[in-house]
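Visitor: I'd like to ask some things about the structure below.
FYI, it's all coordinate maths here, none of it is from the lab. For clarity, every value in this text was computed on a predicted model and none was experimentally measured. No Cβ is skipped: glycine too gets one built from the backbone with ideal geometry, and neighbour counts run over all protein chains shown.
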């Protein structure tokens, strides 16, 4: 009695394969190269490689109602798991107690930064003693007005919000990845500000702010926090829209950072209109100068 259902499922699978398929972008591909790919309907496609595609990305093609093939989306595989932290080293970097963290946040060298969002202003305290290299890079980006009109493209309830992807070749090419900071025992708790990174020495400009406590994070040098959201801004942080969930690269159906980098904010406003945005951030010049003069590395 199950045969008709099996046949229907098989037919649906064949039909789905006929209107969409995926392939891995081969090594050596560069911007402007035309990929020659055979579609399931035996049509040879000539696909100009988009500027933000890298070897190893998985490109999904879809046939439209008029019978033409086009790129549906591109997924970049997650970075390989980082090497485990040596137990002997992990013991040396114990988490700082709350009293010490509070003292750190009120030291004279701390920089107060205001991140304006579509929901209002979020005040951040950037602590150079926690992460000198990361703090300097963030303050440099703020002074350069990098964080202007950026979609908060990754916003996951009870996890984090993330922003920093731009569709701007000038901004993308200006900043190289920075070296990691040494671990200083700063835990990843609610309101902590960190750079998003895929491994050692890969921090550039993307920022994430955590919405909960994650003791499993902060054990790798590229994960160390650079600051924390001020208490008076926590309610506004929690009000940022998180309804779209995680990005496709992490198994969600929210905005795709690769698509965002390729198409710009129009991609967000068209497909994810409730996303919040980070608008210009600012920091006092005096505090910025003190921070840079106090920490030489």
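Visitor: Please pull out the direction-averaged projected area of segment 87-294, using the convex hull of its alpha-carbon atoms, in nm² to one decimal place.
Guide: Here the figure is 11.2 nm², rounded to one decimal.
Visitor: Mind ordering 240-250, 193-203, 131-141 by average Cβ neighbours within 10 Å, highest first?
Guide: Result, highest mean first: 131-141, 193-203, 240-250.
Visitor: Right, something else. So, R0 is 25 Å and r is the distance between the beta-carbons of residue 54 and residue 253; what FRET efficiency does that work out to, to 0.05?
Guide: The computed FRET efficiency comes out at 0.65.
Visitor: Students often check this: by mean Cβ neighbours within 10 Å, which of 267-273, 153-159 ranks highest, and how do the rest follow?
Guide: For the peptides 267-273, 153-159, the packing ranking is 153-159, 267-273.
Visitor: If you find the alpha carbon centre of segment 90-142 and of segment 202-232, how far apart are they in angstrom?
Guide: 10 Å
Visitor: With the crude spin-label approximation of a point 7 Å out along Cα→Cβ, what separation in nm comes out for residue 263 versus residue 235?
Guide: 3.7 nm
Visitor: If we sort 107-117, 54-64, 218-228 on the protection proxy, mean other Cβ atoms within 10 Å, highest first, what's the order?
Guide: 218-228, 107-117, 54-64
Visitor: Once fully extended, how much extra length lies between residue 20 and residue 114, figured as 0.36 nm per residue of separation less the alpha-carbon to alpha-carbon distance?
Guide: Gain on stretching residue 20 to residue 114: 29.3 nm.
Visitor: What FRET efficiency comes out for residue 102 versus residue 37 if R0 is 51 angstrom and r is the Cβ-Cβ distance? Round to the nearest 0.05.
Guide: The calculated FRET efficiency here is 0.35.
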